[in-house]
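Undergrad: One structure follows; several queries about it will come next.
The values are calculated or read from the model by the stated rules, or taken from the named source; none is laboratory data. Keep in mind it's a predicted model, so treat the numbers as computed, not measured. Neighbour counts are summed over all protein chains in view; Cβ atoms, including those assigned to glycine, are modelled from backbone coordinates with ideal geometry. Keep in mind that these areas ignore ligands, DNA and RNA; they rest on the heavy atoms of the full protein, side chains included. Shrake-Rupley method; radii C 1.70, N 1.55, O 1.52, S 1.80 Å.
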Amino acid sequence: MTGTRIRDIRFFRATSATSRPISDATHDISEIAFYVMELETVAGVIGQGYLLAFHYSPQAICGALHDLRRFILDREYDVHQTRDVQNDYERESEYFGISGLQRWALAIANVAMWDAWARHLGQPIWKVLGSHSRKVPVYGSGGWLSYSDDELIDEVLDYKGRGFTAVKIKVGSPEIERDVERLRRVREAVGSGLKIMMDANQGMDVPSAIALIHRAADLDIHWFEEPIPRDDFDGYAAIHSKTRISLAMGEREYDTVALRELLRRGAIDLWQPDIIRLGGVDAWRDSAALAAAHRIPVLPHYYKDYDVPLLATVSNGFGAESFDWIDAIIDEPMPIEGGFATPRTGDGWGFRFLSEFLHEVVEIPVVSDGIGVSAIGTSA
């Protein structure tokens, strides 16, 4: 038995202090909520990891998390055995497949293990992995289709006032004219000195994406994220060949298949790994290395509190996406100044969720027809 062996795992649910309904081209989101894993070692060191869940599939998510909890605790892993847990659980999950919720569960454990391991070492994660840079560009994200024009302009001006030098706006409205109008209003509001990007969340087809790119040509759009469904690789190649805009893609991927397919077609300019969908720190860094081998910059999806310290350790980091959703419910919001974020200097990831916002998620044993099954409950 060593001090780094995992002794216990607990789960909590939290809701953003800024939670409100929002919409993009493909989803109506009613709540901004998260699941937090707290992993404790024999020595009493605690690591945390979290995933963005919104309002989706709470029973399935909790079930996947508790299945993984039992798997890890039964096998007595040490926190530094991140690769072993990944490989072993992928084999265990083969019957139903590791893509989807089981990989999300695996990822949150991986992130928490890295946090606990770095805390055992008394170092921030970016130092454990080796840092190339101490400052990472960030852009303000949002621009939801559900916003009124006033809400949209207020958000981008707030980002500009806080020193951000780039903002991302949702597109994919039923009418292209509406997208063009919103983009134009943003450009008029922020001026020529701020970069504007657009994101369709896979909500367009090839002709409409090309049409929007041409219609917005005079607005100096920096890059276009997920214009069409993620597996339409030939469609991405068609857009790339018929326009001059940079294409960004990757946030919905559970592996590097899409990256390899788009690289083969010369149809990707920015790789956007999602640390939780990919499976955690190790998989994130593996994908960044593949992108670097093909001179593709890395611009990760959503998780700035993990992505900024990781981007500081790779040679092809392009920037990070910034939302404020967890800032009010953690103890150390990430420092952002002049459009750059600085990795925290505290041990591990350098932040904790505040206990008053965490509601423990527990397994509740129930009996149906004399057969034991499990259900999920939440305690305040």
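Undergrad: Quick check on this structure: which one of A292, A328, A283, A288 is in a helix (DSSP H, G or I) and over 27 Å from S99 (Cβ atoms)?
TA: A328
Undergrad: Based on what the data block shows, is S374 on the phi < 0 side of the Ramachandran plot and either assigned to a loop (DSSP other than H, G, I, E, B) or modelled with pLDDT of 95 or more (or both)?
TA: So S374 fails the test.
Undergrad: I've got another one for you. Scan segment 263-286 residue by residue and report those that are of a type in the set (A, V, I, L, M), in contact with a strand residue (DSSP E or B) (Cβ under 8 Å, 6 or more places away or on another chain) and buried (at least 24 other Cβ atoms within 10 Å of the Cβ).
TA: Correct list: I268, I276.
Undergrad: Kindly provide the set of residues from segment 289-305 that are surrounded by 23 or more Cβ atoms within 10 Å (Cβ to Cβ) and either within 12 Å of L259 (Cα to Cα) or of a type in the set (G, A, S) (or both), ordered by number.
TA: Across segment 289-305, the qualifying residues are A291, V298.
Undergrad: Being among the β-branched types (V, I, T) and in contact (Cβ under 8 Å) with a residue 40 or more places away in the chain is the filter here, so list the residues in segment 62-96 that pass it.
TA: The answer is I72, V79, T82.
Undergrad: Moving on to the next point. Just wondering, is there one or more residues in segment 307-319 that are buried (at least 18 other Cβ atoms within 10 Å of the Cβ), among the small types (G, A, S) and under 19 Å from E155 (Cβ atoms)?
TA: Yes, the conditions are met somewhere in segment 307-319.
Undergrad: Look at E251 and say whether it is of a type in the set (D, E) and buried (at least 17 other Cβ atoms within 10 Å of the Cβ).
TA: So E251 passes the test.
Undergrad: If you don't mind, there's one more thing I want to ask. Go through segment 145-156 and give me each residue that's touching a helix residue (DSSP H, G or I) at 6+ places or on another chain (Cβ under 8 Å) and in a helix (DSSP H, G or I).
TA: Residues satisfying the conditions are D149, L152, I153, V156.
Undergrad: May I ask you to list the residues in segment 138-159 that are of a type in the set (G, A, S) and buried (at least 23 other Cβ atoms within 10 Å of the Cβ)?
TA: Matches in segment 138-159: G140, S141, G143.
Undergrad: While we're here: Where the second residue is buried (at least 16 other Cβ atoms within 10 Å of the Cβ) and part of a helix (DSSP H, G or I) and the first is touching a residue at least 60 places away in the same chain (Cβ under 8 Å) and lies in segment 173-194, which pairs have Cβ atoms under 7 Å and are six or more apart or on separate chains?
TA: S173/D179
Undergrad: Within the set of pairs 6 or more residues apart or between chains, which connect a residue that is touching a residue at least 40 places away in the same chain (Cβ under 8 Å) inside segment 206-227 to a residue that is open to solvent by 20 Å² or more (accessible area, probe 1.4 Å) and outside any loop (DSSP other than H, G, I, E, B) with Cβ atoms less than 7 Å apart?
TA: Between residues of segment 206-227 that are touching a residue at least 40 places away in the same chain (Cβ under 8 Å) and residues that are open to solvent by 20 Å² or more (accessible area, probe 1.4 Å) and outside any loop (DSSP other than H, G, I, E, B), the close pairs are L212/I176; H222/K195; W223/S246.
Undergrad: Take segment 20-42 and flag every residue that is within 19 Å of F351 (Cβ to Cβ) and not aromatic (F, W, Y).
TA: Hits for segment 20-42 are I32, A33, V36, M37, E38, L39, E40, T41.
Undergrad: Restricting attention to segment 337-360, does a residue exist that is outside any loop (DSSP other than H, G, I, E, B), at pLDDT below 95 and more than 26 Å from W117 (Cβ to Cβ)?
TA: Checking segment 337-360: at least one residue is outside any loop (DSSP other than H, G, I, E, B), at pLDDT below 95 and more than 26 Å from W117 (Cβ to Cβ).
Undergrad: Could you please find all residues in segment 191-224 being at negative phi, of a type in the set (D, E) and open to solvent by 70 Å² or more (accessible area, probe 1.4 Å)?
TA: Once the filter is applied, which keeps residues that are at negative phi, of a type in the set (D, E) and open to solvent by 70 Å² or more (accessible area, probe 1.4 Å), segment 191-224 yields D205, D218.
Conditions (1) within 15 Å of the chain's Cα centre (by Cα); (2) more than 17 Å from P229 (Cβ to Cβ); (3) modelled with pLDDT of 95 or more; (4) among the aromatic types (F, W, Y), marked per residue:
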position: T256; (1), (2), (3), (4): no, yes, yes, no
position: L259; (1), (2), (3), (4): no, no, yes, no
position: L262; (1), (2), (3), (4): no, no, yes, no
position: A267; (1), (2), (3), (4): no, no, yes, no
position: W271; (1), (2), (3), (4): yes, yes, yes, yes
position: D274; (1), (2), (3), (4): yes, no, yes, no
position: V281; (1), (2), (3), (4): yes, yes, yes, no
position: R285; (1), (2), (3), (4): yes, yes, yes, no
position: A288; (1), (2), (3), (4): yes, yes, yes, no
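Undergrad: Just give me the residues in segment 76-124 being out of contact with any strand residue (DSSP E or B) (no Cβ under 9 Å at 6 or more places or on another chain) and among the basic types (K, R), in sequence order.
TA: Across segment 76-124, the qualifying residues are R83, R91, R103.
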